[in-house]
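Asks: What follows is a structure written as structure tokens; I'll ask about it next.
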Amino acid sequence: MSRPNKGPRLEQNSGGFYEIRWTENGRSKRVSTRATSLQEAQRFFAGWLTESDTAASEAGTLTVKQILKFYLNTYVEEQVIAQERAILAARNIELDMGDLTPKELTAERIAKYKRRRRSGELNGRAVTDGTIRRELVTLVAALNHARRHRKIQDIPAISLPPIPPPRDLWMDESEEQAFWNIAESTNGDRLSREFRFVAIALETAARSEEHTSELQSRPHISYAV
């Protein structure tokens, strides 16, 4: 199995100079920034990215893959703490629609992507509409980011699957006790903030109306997939 392409990135060579490294058509490529200072190398890198995308834009409309790369390199890596979800979503989008231009992201093409993801045809694993929605939201965010930076002019309307309803997870007694054990382990001479938080959360969730069932009186967590 081939190694995933991380896109252009800065790395130091054995001489201490920073290089821009990336993979193109299965081959490793590199460009020296001629800088040993990370700050200087980052300035060079930013200019190199701009020139690279400008050249691609002049040669023709940017592809979805190029738009996602620009989004990951200039927004996600700089401003998003939890980057893995965006990177994974971009990878799945690229796998199916990476060579398309924004104009080719028609309603029929997006519908095909949804079908392929639901059936597992795309990468061998069927996924829910919640996952498909997150991936397409990443694509929309990348397109909007590219338009704000004048990389593209128009973006298509992309239909998203509906937000799935929240799922209720009910704690059993052993799970509730595990929370209490962890909370109590944080206490010293005084009740810790962690203990108070767990106490409020569990005791509030455990309260039940007279009409609720015994199951519904257990602490539970609701979340949207």
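The values are calculated or read from the model by the stated rules, or taken from the named source; none is laboratory data. As the structure is a prediction and not an experimental result, all values here were calculated from the model. Here the Cβ positions follow ideal geometry from the backbone for every residue, glycine too, while neighbour counts run over all protein chains shown. Only protein heavy atoms, including side chains, enter the accessible area calculation; ligands, DNA and RNA are left aside. Shrake-Rupley method; radii C 1.70, N 1.55, O 1.52, S 1.80 Å.
Asks: For GLN12, which sequence-distant residues (separation of 5 or more, or a different chain) have an amide H within less than 5 Å of its own amide H, given hydrogens modelled in the peptide plane?
Replies: GLU19
Asks: Between ILE152 and residues 5 or more places away or on another chain, which pairs have amide H atoms under 5 Å apart, with H built 1.01 Å from N, and which residues are they?
Replies: ARG147
Asks: Moving on to the next point. Which ³J(HN,Hα) values, rounded to whole Hz and listed in residue order, are derived for region 111-122 from phi using the Karplus coefficients 6.51, -1.76 and 1.60 in 6.51 cos²θ - 1.76 cosθ + 1.60 with θ = phi - 60°, glycine and proline given as x?
Replies: 4, 5, 4, 4, 4, 5, 6, 5, 7, x, 5, 5
Asks: So, R0 is 25 Å and r is the distance between the beta-carbons of GLN79 and GLU104; what FRET efficiency does that work out to, to 0.05?
Replies: Working: r = 29 Å, r/R0 = 1.15.
E(calc), rounded to 0.05, equals 0.30.
Asks: So what J values fall out for region 127-134 if you push phi through Karplus, 6.51 cos²θ - 1.76 cosθ + 1.60 with θ = phi - 60°, rounded to Hz, Gly and Pro as x?
Replies: Karplus-based 3J(HN,Hα) across region 127-134 equals 10, 8, 5, x, 5, 4, 4, 4 Hz.
Asks: Once the Cα atoms of region 89-180 are picked out, what are the Rg and Dmax in Å?
Replies: 17.6, 56
Asks: Still on this structure: At 0.36 nm per residue, and after removing the present C-alpha to C-alpha distance, how many nm does the segment from GLU203 to TRP170 gain when stretched out fully?
Replies: On the way: separation 33, 0.36 × 33 = 11.88 nm, distance 1.39 nm.
Additional length available on full extension: 10.5 nm.
Asks: Write down the accessible area per residue of region 111-169 in Å², having rolled a 1.4 Å probe over the full set of protein chains.
Replies: Details: 3530 Å² over 59 residues.
Solvent-accessible surface per residue comes out at 60 Å².
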